[in-house]
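Each remark here refers to the structure printed beneath this line.
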Amino acid sequence: MKPLQAGAQSERDLFALVEAFFKTSFSTDNALITEAVQRMLAAGGKRLRPRLLLLAAEANGAGAREHLPLAAYMELIHVGTLIHDDVVDGAQTRRGVNATAVDFGNRVSVLAGDYLFAWIFKNVTANYAPPVPNILATTLAEITDGEVLQHRAVGKLDLPLTAYVEIAIKKTAALFAASAECGAIAAGATPLRVRALRDFGLCYGVAFQMLDDLLDLTASEAELGKPVGNDLRERKMTVPLILALESGSASLREALARSYSEGARGNGRETNAHLIAEVGQAGGFARTREAIASYVERAKLALGPLGTAPARAELVALADALARDSAARAR
């Protein structure tokens, strides 16, 4: 297997830097798996996890290009989890294109995800000293645990917000936190700054997951790259539902209980539209926006130990973008 090599891309824009790196440097010894992963990468994505790692490194005096391989591994871990998620959920689309399982089948997709994780960890352990490999191994275990917890919470209308946050931290925020933490460690940051960047990643990741939940109910299919209301069809307990149910709306609880008791994928567009309207009327969207804003503020406050490092402003801008996108969902 060929490890990722740092390229000569000089553009400051971190998104462009990561994109160029993937186009020129990613391949494995298995042509089919390389194709499946490259198709997923080509489908798009904001590359937030590698950008967090590079910004964390820059905030501690390092150059972005020297840490591109490690940043790329963070995105590839994310890609591997998406490939597996689509198999588990039976998803047909991802980022506006066919899910990997649609084009390659479930067996190849599961094996592709497994192979990708093994390939990543072979290269990480060969090229990075502890604690980086330990952090990534722990993170992958957390992601898996979070997915299991979410699966066990399906259809549980009494799921408390604390349980939801635990799931969000494990399945989503853990990889953001690991990205920021590893970027800081690779750049030789002090323990105080490493912790600050990890805390930023955790709070950012929870806000990111909450926004994802909100968009599933309020965005268009074109914006999502997948059908609207997927979470409802899969009977997931997302933050807008949990917060809306806290309002004590009997009609919403009855509607959800009736809909969720019919089983996963039993809801059509008309049923979902009714449920979405009920969630909004019960304050689910407004309270979700407030929760996102709260986690965004916590993320920004965590950056205090970075002082006036230029990269701090870029991290703040990434966090503010979540709150801005959330506020735009006024319905």
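List the residue pairs whose Cβ atoms are under 9 Å apart, where the first residue sits in the range 213-225 and is farther than 16 Å from residue 291 by Cα and of a type in the set (Asp, Glu), the second is assigned to a helix (DSSP H, G or I) and modelled with pLDDT under 90, and the two are 6 or more positions apart or on different chains.
Listed pairs, sorted by first residue: 216/224; 216/230.
How about the range 287-331: which of its residues are closer than 19 Å to residue 60 by Cβ and charged (D, E, K, R)?
Passing the criteria: 300, 312, 314.
When residues of the range 291-313 are filtered for being of a type outside the set (A, V, I, L, M, F, W, C) and crowded, with 16+ Cβ neighbours inside 10 Å, how many remain?
Result for the range 291-313: 5.
Tell me, which helices (runs of 4 or more DSSP H) wholly within the range 39-147 include 2 or more residues that are farther than 26 Å from residue 163 by Cβ, free of Cβ contacts under 8 Å to residues at least 24 places away in the same chain and in contact with a Phe, Trp or Tyr (Cβ under 7 Å, 6 or more places away or on another chain)?
Answer list for the range 39-147: none.
If a residue must be of a type in the set (Lys, Arg) and buried (at least 20 other Cβ atoms within 10 Å of the Cβ), how many such residues does the range 32-57 contain?
Selection size over the range 32-57: 3.
Mind listing whichever residues of the range 74-128 are basic (Lys, Arg), surrounded by fewer than 21 Cβ atoms within 10 Å (Cβ to Cβ) and either more than 25 Å from residue 183 (Cβ to Cβ) or within 17 Å of the chain's Cα centre (by Cα) (or both)?
95, 107
Tally up the residues in the range 276-321 that are closer than 30 Å to residue 232 by Cα, among the β-branched types (Val, Ile, Thr) and not in a helix (DSSP H, G or I), please.
Going through the range 276-321 one residue at a time, the tally reaches 0.
Out of (1) surrounded by 13 or more Cβ atoms within 10 Å (Cβ to Cβ); (2) modelled with pLDDT of 90 or more, what's the single condition that is false for residue 272?
For residue 272, the failing item is (2).
Where residues in the range 160-214 are in a helix (DSSP H, G or I) and of a type in the set (Ser, Thr, Tyr), which of them is surrounded by the fewest Cβ atoms within 10 Å (Cβ to Cβ)?
162
The values are calculated or read from the model by the stated rules, or taken from the named source; none is laboratory data. Predicted model, so just to flag it, every value in this text is computed and none were measured. Note: ideal-geometry Cβ built from the backbone for every residue, glycine included; neighbour counts use all protein chains shown.
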